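Read-outs: derived from the displayed coordinates by stated rules, not from any lab. Keep in mind that what you see is a predicted model, and the values were worked out from it rather than measured.
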Amino acid sequence: MSDKIYKKYLPIIVCLLQLMGLFLLRQLWLRTVFQTVATYLLLCTAGVSFLLLSQMKKTPIWRQLWDCCLIFWSGIHSVIVLGLMTCGTFYLTWTQVTFVQIVNLFLGCALYWFLFLLFRRPDRAVGTGNLLIGIIGTVNFYLVKFRGSPFRLADIQSIRTAGNVVKSYDFKPGILLLLSLMDLGIWYWAWRKYYLCTAAESRTPNGKNTWLNPVSILATVFIAVGCAALPVIKYDKIYADTVQFSDDTYLAGLLAEIMGSEKGLPDDYSVENVRQAIASFQSDSGFQNAAQASPRPNIVVIMNEAFSDLRLLGDFETNVPMLEFWDSLTENTLRGWANVSVLGGNTANSEYEFLTSDTMGAYAGGVPYTSYFNGSDAYPGLTSVLKNQGYDTAVFHPYMSSGWNRTQVYRSMGFDEIIFFENLEQDLDTLRLYVSDKGNYSYIQDWFEKKEPGVPQFFFNITMQNHGGYTYSGENFETTVRLTGGMGERFPEAEQYMSLVKASDEALEELLSYFSQYEEPVVVVMFGDHQPKLEDGFYTDLTGQPIGSWPLEQKMKLYKTPFIIWHNYPAESADLGDVSLNYLAALLLEDTGLDMSPYQSYTLTMHREIPVVTSLGMVTNDGSIRGKGSSEFEELLSDYKLMIYNHTVDRDGRISGFFSEAQP
């Protein structure tokens, strides 16, 4: 086919192919909304228009101008497609434009222009850019599918953990992923043909485009000034104040994370400011520890993998109850909702919040286990506070030790015994690919059968049974819970997950039955580390709207799991309502009458004023919700953040006595 025919019919071919993709997108992937369809339609139309207009004139300056426009448009095009691949939607209308969205589009332009300066050929710049966007989008597509959030900087440090569990996930490509990759391929193909047809009109004698022309120089200056301005205007702070929770502005969010991670410590951080915050708390607080428990109870804490109660999200029916035993626990039991900072993954952050009493709301992102526990110094927290009161301490995780830097973390925290899957000397019962809760709890029972009488034990356990994904089809699992009514037979992943929760409920009944007959006092704490990430349609059916368009109040329900504090001796029973995970250890110590550190006392004081503080936001005692990054959030959390950074980040300046000494 001749160049003239290509130039004449290429825009029409591109238009037809992209509109076909649009039709399939709307018909086969119903999560898309009107704004997404409208944006994509505009995207297709504008791209084809640029190709048509580029053929109107043949002067060098005209060709350079339209080459520049097409490169910039390729960046905008890729950013929109990346938004579709990451979260399935792209909201961009004249009434909803924010500075963050403008920055997101600018970053796409900047990426493609940098590639043009590098390769000095527009087609190679677009091809490389589309390849990078395709790779990032594919990674995000699967991460959102499996855990509900796209790639973050902290994931670089979690590659070994991901490698441990990758075999349990289903990597079938969805229609959205295939259409998005097809779109990127079509656009590159169009660019390639366009470039070959017009190359002679804009090449230098050596065969490459030059940027030493007025159009390219102006474009380079524009990109350079824009990039230089972002740190000057403190873009990461602007991003936080926008409270931007949609991942359709992925590049803008990633840039804010990069800029925020460079700070390390808040602008107002100093050890002197920490001392002032501590002094203010100690002078204002009337808190005193209760009389020390006698005898000191054994404490078993179970952080149950992905354990949750989906009934919180909306009404649905099942053929059998999921949590029959859990619902029956009313005697000698404190219960409530643990508000966590993660969804579908990053388990270590829930573990961190419980064991340290820090909140992830103080951080821009990341995983403290992999960022701040790389030394050998002792780290004060719940473990050290209990050891100071005569407790033996042990941690058990029936999976590989390579995940989340746990071995180093547990050593720093001072656990006496650290047991991973590779340390087991006996086989444990399994369900799907992991040790079942039943097998896990049998190990706990064996441990307590062998423990020294009269010596209190703190036993921390992280389970594995309910780990995602939920597409297992082997012989070591049977679906026992099925959705009925209008949701029946539509969400197999949700049904597999609910069947696992039922198995967890039955295993817990056996464990508490054992401890109810145990001769020494025992307190069992159990909470879920996060909710699972299930089929998108499941959440849409529950609430009537796609998960990506949920308001903050509804979205925070995705970050709640149930918890109990159960006693095998007479104790108060109550519903504590919503409690964020960073407060739970102090509430446990208060309930058992054990001594706690001044820092844990401080968190109890915080709990009375702000019952919930997570990576999403906070809930104050009057029920008001403040999104993370808002001025109210930062103001209310200011002293707490100083203490957290002194506790975990600034180890050289740590005021150790405040975090470790148990106060009678």
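What separates the Cα centres of the stretch 328-373 and the stretch 506-520 is a distance of 25 Å. Evaluated over the Cα positions of the stretch 428-532, the convex hull gives a direction-averaged projected area, one quarter of its surface, of 7.7 nm².
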